Amino acid sequence: MNRNKLSSFVVSAMIVIFLASMSACAKKTVPPTAEEPEVARVEEAVGAEADEEEEAVVSEIEEEGMGSAESLDTEVLDEAEETSLEGRTTPGLFPVYFDFDKSVIKSDQVDRMEKNAVFMEENPGFKVRVEGNCDERGTNEYNMALGQRRAMSGKKYLVNLGIPETRLSTISYGEERPINFGHDELSWSQNRRDDFVVVE
């Protein structure tokens, strides 16, 4: 009898131990840690910082007037004076631009003419051809004549600045050599010009 009681006690104990171990192995739900809200806050802060940087760039662009039609025209005109939009003028010399249907050197182009004279004084072996150009408006015949008047105007101005006439020649290309192929005032203003080309 004692042996039966002992066996039943052992079996009962084993069942209790088994049940206890099963409940211990059950999947536990992990409560959210303090780190999770912190990560969310960091991500939110980073996103906000990126938005602020983007807004700052947009604000800077707006403040500088970039993107507006008026400022774009100014930038393109400035570029025309400093880069390849200078047409066929030899580096070191500067093209000059004219008003519509005019061949008189404008006051805002005088500095360019003076720089061209200095360049020729510093390079006495060079001869320069002044090339008159027009925009597309007007007949071919009229623009050839206007281009010639512009070329002669550039030549005479250099002569008045002390450059020997023998070092200067002229030619008109009329509307045949545009550097901007648009059909608006900005394009036309870049095509109404004298180019200064070293020929010798």
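Listing for the model above:
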| item | result |
| --- | --- |
| Linear extension gain, GLU136 paired with SER107, 0.36 nm per residue minus alpha-carbon span | 8.0 nm |
| Net dipole in debye of the stretch 88-198 [+1 Lys, Arg Cβ; -1 Asp, Glu Cβ; about Cα centre; nearest 20] | 340 |
| GLU176 versus VAL199: modelled label distance in nm, points set 7 Å from Cα along the beta carbon direction | 1.4 |
| Centroid-to-centroid separation of the stretch 119-149 and the stretch 152-167 [C-alpha atoms, Å] | 12 |
| Exposure proxy ranking, count of Cβ atoms within 10 Å, fewest first, for ILE171, ILE179 | ILE171, ILE179 |
| Debye equation applied to the C-alpha atoms of the stretch 88-198, log10 I(q)/I(0) at 0.10, 0.16, 0.20 Å⁻¹ | -0.25, -0.63, -0.96 |
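Read-outs: derived from the displayed coordinates by stated rules, not from any lab. All values reported here derive from a predicted model rather than from experimental measurement. All Cβ positions, glycine included, derive from the backbone under ideal geometry; neighbour counts span all protein chains shown.
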